[in-house]
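What follows is a short report on a single structure.
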Amino acid sequence: MKYSGGCHCGVVRFEVEAPAEIEVEECNCSICAKSGFLHLIVPAGRFQLLAGRDSLSTYTFNTGIAQHTFCTVCGIKPFYTPRSNPDGVSVNVRCFDTPPESMRIVPFDGQNWEAHAAGLAHKSRDSRNDS
């Protein structure tokens with residue numbers, strides 16, 4: 001199914017394709033814990049930015065690989081390119097217009113990222129293209 005969402009002020013709008021029942025990660029790393037981000041990691045081809053590209057700013061830290069995108073108007077981070085899945089997009093489920101029918105929240109130990117990141121790699125693979 002397709003989920004629509006965006007930032008608080010509505011300037012940034014997106015659409016993401018995901019199952020009706022989803023699994024999301026709640027990360028305890030420094031940035032996710034402070035922002036309350038709930039991660040739905042999807043292949044890049046299942047994400048579409050509909051509006052607001054010019055109102056996005058990018059923040060990087062530590063290795064500089066993750067591209068944290070924020071709305072320059074309201075400051076909300078509705079999605080970003082994660083370090084664990086640079087070929088995908090992590091969408092903040094809390095930014096959906098309508099919550100998913102079923103959502104399982106899984107704790108992710110981002111404070112010990114190096115030891116656990118490999119467990120997320122499969123989330124940005126597009127199983128529709130597997131043979």
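Condition first: on the phi < 0 side of the Ramachandran plot and either assigned to a loop (DSSP other than H, G, I, E, B) or open to solvent by 50 Å² or more (accessible area, probe 1.4 Å) (or both). Now tell me which residues in the range 2-14 satisfy that.
Correct list: 2, 7, 8, 9, 11, 12, 13.
So residue 36 clears everything in (1) exposed (fewer than 14 other Cβ atoms within 10 Å of the Cβ); (2) over 12 Å from the mean Cα position of the chain (by Cα) except one condition, right? Which one?
(2)
Among (1) free of Cβ contacts under 8 Å to residues at least 40 places away in the same chain; (2) not in a strand (DSSP E or B), where does residue 58 come up short?
With (1) free of Cβ contacts under 8 Å to residues at least 40 places away in the same chain; (2) not in a strand (DSSP E or B) applied to residue 58, the lone miss is (2).
Run residue 41 past the list (1) at pLDDT 95 or above; (2) under 10 Å from the mean Cα position of the chain (by Cα); (3) part of a strand (DSSP E or B) and report the number of the one that doesn't hold.
Looking at each condition in turn, residue 41 falls short on (1).
Please verify whether residue 85 is touching a strand residue (DSSP E or B) at 6+ places or on another chain (Cβ under 7 Å) and either closer than 19 Å to residue 6 by Cβ or in a loop (DSSP other than H, G, I, E, B) (or both), treating the condition exactly as stated. Step through it out loud before you land on a result.
Values: touching a strand residue (DSSP E or B) at 6+ places or on another chain (Cβ under 7 Å): yes; either closer than 19 Å to residue 6 by Cβ or in a loop (DSSP other than H, G, I, E, B) (or both): yes.
Answer is yes for this residue.
Mind listing just one residue for me: the one in the range 26-38 that is under 17 Å from residue 114 (Cα atoms) and not in a helix (DSSP H, G or I) and, of those, modelled with the lowest pLDDT?
That would be 29.
Taking the range 66-81 on its own, how many of its residues are open to solvent by 40 Å² or more (accessible area, probe 1.4 Å) and not small (Gly, Ala, Ser)?
7
Restricting attention to the range 88-119, report how many residues are in a helix (DSSP H, G or I) and out of contact with any Gly (no Cβ under 7 Å at 6 or more places or on another chain). Talk me through it step by step, then tell me what you get.
Going through the range 88-119, the residues in a helix (DSSP H, G or I) turn out to be 93-95, 110-119.
Then drop every residue that is not out of contact with any Gly (no Cβ under 7 Å at 6 or more places or on another chain), which leaves 93, 110-119.
Within the range 88-119, residues that are in a helix (DSSP H, G or I) and out of contact with any Gly (no Cβ under 7 Å at 6 or more places or on another chain) number 11.
Might you check whether a residue that is modelled with pLDDT under 95 and either of a type in the set (Lys, Arg) or on the phi > 0 side of the Ramachandran plot (or both) occurs anywhere in the range 74-81? Lay out the reasoning, then the answer.
Step one: list which residues in the range 74-81 are modelled with pLDDT under 95, which gives 80-81.
Checking the rest, the ones that are also either of a type in the set (Lys, Arg) or on the phi > 0 side of the Ramachandran plot (or both) come to none.
No.
Return the total of residues in the range 82-131 being of a type in the set (S, T, N, Q), open to solvent by less than 50 Å² (accessible area, probe 1.4 Å) and closer than 17 Å to residue 64 by Cα.
3
The values are calculated or read from the model by the stated rules, or taken from the named source; none is laboratory data. As the structure is a prediction and not an experimental result, all values here were calculated from the model. Don't worry about glycine lacking a Cβ; one is built from the backbone with ideal geometry, like all the others, and counts go over all protein chains shown. Only protein heavy atoms, including side chains, enter the accessible area calculation; ligands, DNA and RNA are left aside. Shrake-Rupley method; radii C 1.70, N 1.55, O 1.52, S 1.80 Å.
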